[in-house]
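Some notes on the structure that comes next.
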Amino acid sequence: MRVHGEVSDDEAAAAAAAAGEPVPLSPPPAPAGQQRLVVGYALTKKKVKSFLQPKLLALARKKDIHFVSIDETRPLSEQGPFDIILHKLTSKEWEQVLEDYREEHPEVTVLDPPNAIQHLHNRQSMLQEVADLNLSNGYGEVCTPRQLVIMKDPSSIPDAVAKAGLTLPLVAKPLVVDGTSKSHELSLAYVEASLPSLDPPLVLQEFVNHGGILFKVYIVGETIRVVRRFSLPDVNTYDLGNNDGIFRFPRVSCATNNAEDADVDPCIAELPPTPLLEKLGKELRRRLGLRLFNIDMIREHGRKDRYYVIDINYFPGYGKMPGYEHIFTDFLLSLVQSKYKRLLSGS
């Protein structure tokens, strides 16, 4: 019997054919003793397309993992049963539905709790956890750019910037991150006179020269993967003297800006040290209460061991991460295995 909303083998085959990929075969029966894992998902159409790729669905079936679409028009308690719920919807109504469900069904793992995700919906609170870490060890130092929140009245921005002692140029980002493309529209302000043309509420961050390379640090449970992306080029004295407006730019960390195979100065392209990332990932998982997120990180140009976290995103575009289907299915299985070990031990 097919669970309501389950992605069928025929649908996976059709998706694979449409994508020009090999058609996934029906998986062999699960090994004796292997638990069938049902993952309910509540995602936008865009997220379903980017995340539930044919290669993920095919591998999931081989591991007896079944993805089931959650119908938002029906009570969640009438659907399932689920082992795990995977979601990225931002409405207040959905968040309340999910919180109520968690109370009624503590045996179901929700990735991730809505109240924990809230920290990443606001760019002020998002980076505060990193700043509070004051992370520094033998492998480097992790900082956050100095920043200022502007809630309203664009005409007051120059005075607020001067009072806070921020140095131009400044990166302007919408304060609220709500999953829309608008929340990722960024601007670079070179001179004080251009600041009143910005549109609050927003966060102003001091721009840090970083050699034009950004590191996307993907977190999936305890697993960490890093990829390079092209970012904004460094700003010099000439740029400051010859730009008098606001430079608006698209999301710089998208997959089309892949810098993995680019001819870049090795000192700039070198990935952050693994021990530093492991420490950062572990501390943020604990502080944020999240298991699915990514960190946008830069290295200050000329400072080999100083890094800045400039953004954190919940449930990012894992489909852009090499080998994500293996990492994600292993992660889902590990959650259930951990749960059964706890049950067996009586803890």
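Look at region 299-325: where a residue is under 30 Å from THR44 (Cβ atoms) and open to solvent by 50 Å² or more (accessible area, probe 1.4 Å) and a partner is outside any strand (DSSP E or B) and of a type in the set (A, V, I, L, M, F, W, C), sitting 6+ places away or on another chain with Cβ atoms under 7 Å, you get LYS320/ALA255. Would you confirm whether or not region 150-161 contains a residue that is part of a strand (DSSP E or B), out of contact with any Lys or Arg (no Cβ under 6 Å at 6 or more places or on another chain) and without any contact (Cβ under 8 Å) to a residue 24 or more places away in the chain? So far as region 150-161 goes, no, none of its residues is part of a strand (DSSP E or B), out of contact with any Lys or Arg (no Cβ under 6 Å at 6 or more places or on another chain) and without any contact (Cβ under 8 Å) to a residue 24 or more places away in the chain.
For region 217-229, the criterion of being aliphatic (A, V, I, L, M), part of a helix (DSSP H, G or I) and open to solvent by less than 60 Å² (accessible area, probe 1.4 Å) is met by no residue. Considered as a group, the residues in region 70-113 that are among the polar types (S, T, N, Q) and within 22 Å of LEU290 (Cα to Cα) include one that is most open to solvent (accessible area, probe 1.4 Å), and that residue is GLN96.
Condition first: open to solvent by less than 30 Å² (accessible area, probe 1.4 Å) and more than 26 Å from LEU284 (Cβ to Cβ). Can you find one or more residues in region 122-139 that meet it? Checked region 122-139: no residue is open to solvent by less than 30 Å² (accessible area, probe 1.4 Å) and more than 26 Å from LEU284 (Cβ to Cβ).
The values are calculated or read from the model by the stated rules, or taken from the named source; none is laboratory data. Since the structure is predicted, the reported quantities are computational estimates derived from the model, not experimental observations. Please note: Cβ atoms are built from the backbone with ideal geometry, for glycine as well, and neighbour counts cover all protein chains shown. The area values use the complete protein model at the heavy-atom level, side chains included, leaving out ligands, DNA and RNA. Shrake-Rupley method; radii C 1.70, N 1.55, O 1.52, S 1.80 Å.
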